[in-house]
Structure formats: structure tokens, C-alpha cells
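Worksheet: the structure to be examined is printed underneath.
The values are calculated or read from the model by the stated rules, or taken from the named source; none is laboratory data. Keep in mind that what you see is a predicted model, and the values were worked out from it rather than measured. Neighbour counts are summed over all protein chains in view; Cβ atoms, including those assigned to glycine, are modelled from backbone coordinates with ideal geometry. Areas reflect the complete protein model, heavy atoms only, side chains present, ligands, DNA and RNA absent. Shrake-Rupley method; radii C 1.70, N 1.55, O 1.52, S 1.80 Å.
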Amino acid sequence: MSSSIDTPTPEDSAEAASPAPGAPPAPRAAEAKTKAALAAPASTSTLVNRLWSYCELLRHSGVSTLDYVEQLTYLLFLKMADERANRPAAFRRNAPEKPLVPEGRDWKSLMTRSAEALLDHYEFILKDLGQRGGTMLGEVFTKAQNKIHEPAVLDRLIRDLIDPYTWTTENQDLKGDAYEGLLQRGAEDRKTGAGQYFTPRPLIDAMVDCVQPRPGEHITDPACGTGGFLIAAHAHLIQNYEDELYGDKGRDLQSGAITGYELVRETGRLALMNMLLHGIGSSEAKPLITIQDSLARPPKRYYDIVLANPPFGVGSVTGESYASRTDFWAPTTNKQLNFVQHIYNLLRTNGRAALVLPDNVLFEGGAGETIRRNLLNLCDVHTLLRLPTGIFYANGVKANVLFFDKTGQRTGGRPGTRQLWVYDFRTDQRFTLKQRQLGRYHLDDFVAAYHSGGKDFTKRTPSDRFRAYDYDELIARDKVNLDLTVLKSDGAVTTEYASPDVIAQEIVDELEVALAQFTAVARALKKDVPPSADEG
């Protein structure tokens with residue numbers, strides 16, 4: 001875990017002046033002044049750093065990093081739900097009519113108690129809300145347990161680090177960046193084994209801006225994580241079609257137009273929290289996130305849009321065999337290839353998909369070749385965005401975004417794909433998680449190029465980074481290899497961020513990528529090459 005803490009801000013100084021549990025209370029005038037100063041939303045980094053720094057105190061109380069993040073999500077959810085319920089009327093147009101959390105189990109009820117009574121009531125809230133089975137709120141708190149057993153520690157966490165600060169803003173439902181930033185900070189803590197990584201928000205937003213969800217369409221993510229794609233799709237609809245989201249379309253949006261699937265219950269819990277706090281669904285309604293292995297069986301529902309960043313890896317986490325999927329084109333242990341097949345089956349005819357995929361999906365032989373060939377024939381595989389390294393929390397990830405529309409078998413056997421347009425955002429691009437983070441503006445040129453032909457992708461405008469490959473050229477490539485490039489590196493990379501530690505990390509990333517590729521090749525050779533005489 002990173003132990004660095006930012007230089008204290010005026011808000012931090014005010015927090016430091018807060019009395020410790022058991023100390024005499026500050027004069028009322030000074031306390032009121034402090035609370036007034038903290039009423040305005042703090043910056044994302046300030047909120048995250050403040051909450052994260054408190055982890056050190058909890059460690060001395062026997063609370064692990066992952067447990068701390070989990071407990072914070074419960075408490076932050078209760079606090080944000082309270083702020084949401086008390087927003088001015090002008091900002092409640094799309095909020096549920098009823099409070100997300102029932103009275104007596106809410107944030108206010110925590111603030112009226114202290115010491116052992118506070119601890120007992122917090123445990124009562126977790127148990128009571130978790131017993132509301134079949135609802136989004138019940139699913140959020142299912143099997144929730146209190147891991148903070150010292151009343152003074154819980155009291156300080158609630159009163160000093162969460163309650164004084166405003167987590168919502170007037171122009172959005174919550175301080176979502178801080179909430180997700182806390183989750184991402186947890187993912188960075190490699191020592192705890194938190195190895196998953198989160199899709200960068202700028203990339204999510206760019207993918208949604210390309211796909212452009214419309215009212216009435218049903219949207220899903222079969223590996224939704226904490227719900228980033230679903231929330232971005234909902235935000236796009238609210239921003240662009242708010243006046244249309246009344247009546248049946250509005251009710252549909254709240255009750256099932258946006259749904260997700262997640263394998264890990266704890267992660268699905270975070271997605272449900274995130275969705276409720278963003279105004280998607282209601283606490284008493286059926287959960288919009290299903291906890292299951294998406295690949296284990298054929299889909300029962302079909303969607304107009306699929307947005308996803310499937311988990312990388314090999315095999316089945318649940319131990320189930322995906323070879324039983326008779327709707328798949330080819331059996332394979334490669335999860336990403338299986339997700340490509342699954343997403344194809346999730347789509348309705350003319351449905352649209354955008355998914356993040358590692359490089360090996362583009363070139364792996366065997367099942368990979370079969371899947372790519374079928375995809376080019378049965379879909380319009382129209383856009384490939386080559387992503388740079390350094391934008392994910394996992395080191396050495398070389399990934400892409402593949403966009404395709406499900407066309408089905410065309411009359412006369414004409415393939416669904418006419419041209420695959422490749423946008424090279426990898427060559428001569430350098431990003432890191434600290435010195436140079438990916439911003440949404442970095443992807444403006446790609447989004448503009450994506451839409452440059454309007455609805456006719458064949459009329460797009462080519463550029464140095466954006467060019468088209470015809471179907472005949474793609475299908476004739478060895479193993480239908482889609483590992484395509486547009487630019488050759490000329491070394492024209494901005495060097496102002498290339499500090500020695502960045503260069504060293506890039507070398508590590510490249511080595512990890514090379515090792516992964518050699519491993520894939522070795523696995524393929526082991527399957528495809530017959531044993532030699534010495535082995536036989």
C-alpha cells in the first residue's frame with residue numbers, strides 16, 4: 001500500500017483540530033465555523049487521501065485494508081443516501097420519491113448515538129438492511145458484518161472523517177469520483193492481493209460517447225465490476241434525453257433497461273451501491289445486478305447495447321466447464337474469447353457492442369481464429385481502438401477496444417463486415433497512473449474520427465492514426481490476425497514526463513507483455529504440435 005499522504009489542505013487542518021474521542025468538546029462557535037467551512041465539497045483527491053490515511057489507525061485496531069474499504073463503502077453509502085434525500089427540490093427530479101434508507105436505519109440515526117450504543121446500532125443497521133431479501137437495498141447489505149469493533153474508532157470515522165464533509169454536489173447526484181477513487185486506491189494495494197483493476201473513467205466515457213445509448217434501449221455489462229459502464233450509460237441518457245425520460249421510458253430506465261452481471265458478490269455489492277446513489281433503480285425494487293458466472297450458461301435476456309471490460313485470464317473461476325455452451329462457435333479456456341462469444345449471443349439483431357480486450361484475442365490461433373472469422377461474417381466489426389500501456393492499474397496490460405454491431409446472416413451470404421477501421425492510440429503515446437494520467441480530452445480525436453462518417457462507417461475520414469482495412473484483406477490474413485497497426489513509431493514522444501522511475505516501469509511493463517505473449521505462443525504450440533519421437 002502506498003503510504004504517501006498529500007500536503008495538508010486548509011480542510012485537513014480543520015480536521016486535525018477536531019477533538020479526539022473522549023476529549024472535551026470545542027467551543028460551539030468554533031465548531032459551527034469549522035462545520036461551515038467543511039460544508040462545501042472537497043476535492044476528490046483530498047477526500048480520498050483523508051479517508052485512506054485513516055487506514056493506518058484502523059490497522060492498529062486489527063482492521064485490514066480490504067475490510068476498511070468495505071466498511072467505508074457501507075458508511076459512505078448511508079451518508080450519501082442521507083444527502084441525496086435532503087437535496088433541494090430543484091435537484092430531485094430524477095431521484096426516487098422515497099429515501100433510499102428507511103428512517104431509524106439511516107445516517108441520522110447513527111449521529112444520535114455514541115460509544116457502545118453507536119456500535120450496537122451500526123451492527124443492527126447492517127443486519128436489518130441485509131434481511132430485506134429480493135431488493136436492491138437488501139442485496140447491498142446481504143451478509144454485511146461490522147469489522148470495526150472499537151466504539152471510539154467507529155465514532156471518529158463517522159463524526160470526524162465522513163459526516164463533516166459534503167459528498168454530493170448540486171450538478172450531480174454524488175461525489176462519484178471520490179467514491180470510485182477510494183475503490184481504485186484499494187485496487188492499488190498489491191500487498192493485500194487486490195489484483196483487479198478498474199477501467200479508466202475517461203475510456204468508459206469515450207466508449208459510451210461512441211455507442212450513444214438512446215431511450216428505450218436495453219443495456220448490460222456481463223462483467224460489470226463496480227458498475228462504471230452502466231452508470232456512464234445512464235448519465236449519457238440523462239444528459240442528452242432528459243425531457244424524453246418520462247412515462248414508460250422513464251419507468252423502464254429505472255426498472256431494468258440498465259442491468260449488469262458480476263461474478264464476485266462483494267464487487268456486485270459496490271455496483272448496486274453505485275447505481276442506487278446515481279439514481280438507477282430504487283431500494284425496494286428488484287436488484288439490477290445479478291451475481292453469477294456470466295459464461296456458465298446461455299443468456300436468458302437479450303440487449304441492444306453491451307459495454308464491457310471482461311476479466312483477463314484462463315479457465316473458469318467457478319469450476320464450471322464452458323465447453324457445455326452449445327451456442328459458442330469454439331470451445332476454449334481463454335476467458336476473453338469466451339466473453340466475445342457470449343457478448344455476441346447477448347445482443348439482439350442490430351445490437352451494438354464495445355468491449356475492452358487484450359492483444360491476444362486479436363491474434364491467438366485455434367479457437368481464436370474461428371471466433372474472429374465468425375465475428376467478421378455475422379457482425380459489422382467496424383472499429384478497433386489500440387490502447388497505450390500505463391492506463392490500467394495492472395502493469396503490462398496491452399489492450400484494445402473492439403466495436404461491432406450484430407447483423408446476423410446477410411441475404412446472399414455477404415459478410416456483415418465491410419471495413420474495419422483501426423485507430424492507433426498506442427504508438428508514441430505514454431501515460432502513467434501518476435505523472436500523466438489519461439484524460440477524456442486525450443480521446444477527443446478518436447471519438448470525432450469514430451463519428452466522422454455519420455451512420456455510414458465506410459465514409460469516415462482517414463488520418464495518420466486512423467485507416468480502414470477491407471473485409472477481403474482481413475479474412476486473407478494468416479489466422480485472420482487482427483493485430484493491426486497504423487503508425488510506425490518515430491520516437492516523437494513527449495519526454496517531459498519520462499523520469500527514470502517511469503522509464504523503469506515501462507521496461508517492466510514491456511517485459512511482462514512479452515512474457516505473456518511467449519506464454520500464449522508456448523501454450524498454442526503445446527496444443528498444435530504433435531509430440532516428437534523423443535517424447536513419444
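Take the Cα of ALA115, step 7 Å toward its Cβ, do the same at ARG348, and the gap between the two points is 6.1 nm. Ordering ARG467, ARG352 by accessible surface, largest first, gives ARG467, ARG352; the 1.4 Å probe counts only protein heavy atoms, with every chain in place. Hey, if you drop one equal point scatterer on each alpha-carbon of segment 251-291 and run the Debye formula without solvent, what base-10 log of I(q)/I(0) do you get at q = 0.14, 0.28 Å⁻¹? Taken in order of the listed q values, log10 I(q)/I(0) reads -0.26, -0.98. All alpha carbon pair distances within segment 319-407 were sorted into 5 Å bins beginning at 0; the resulting P(r) in whole percents reads 3, 14, 24, 24, 18, 11, 5, 0.
Starting from the Cα gyration tensor of segment 348-399, take the square roots of the eigenvalues, sort them a ≥ b ≥ c, and report rounded, prolate or oblate (rounded when a/c is under 1.5, otherwise prolate if a/b is larger than b/c, else oblate). Cα axes put segment 348-399 in the oblate bin. Per residue, the convex hull spanned by the Cα atoms of segment 259-369 measures out at 120 cubic angstrom. Take the Cα radius of gyration of segment 222-298 and divide it by 2.2 N^0.38 Å, N being the number of residues; the result is 1.10. Amide H contacts for TRP421 (H built 1.01 Å from N in the peptide plane; partners 5 or more residues away or on another chain; cut-off under 5 Å): THR383, LEU384, TYR469.
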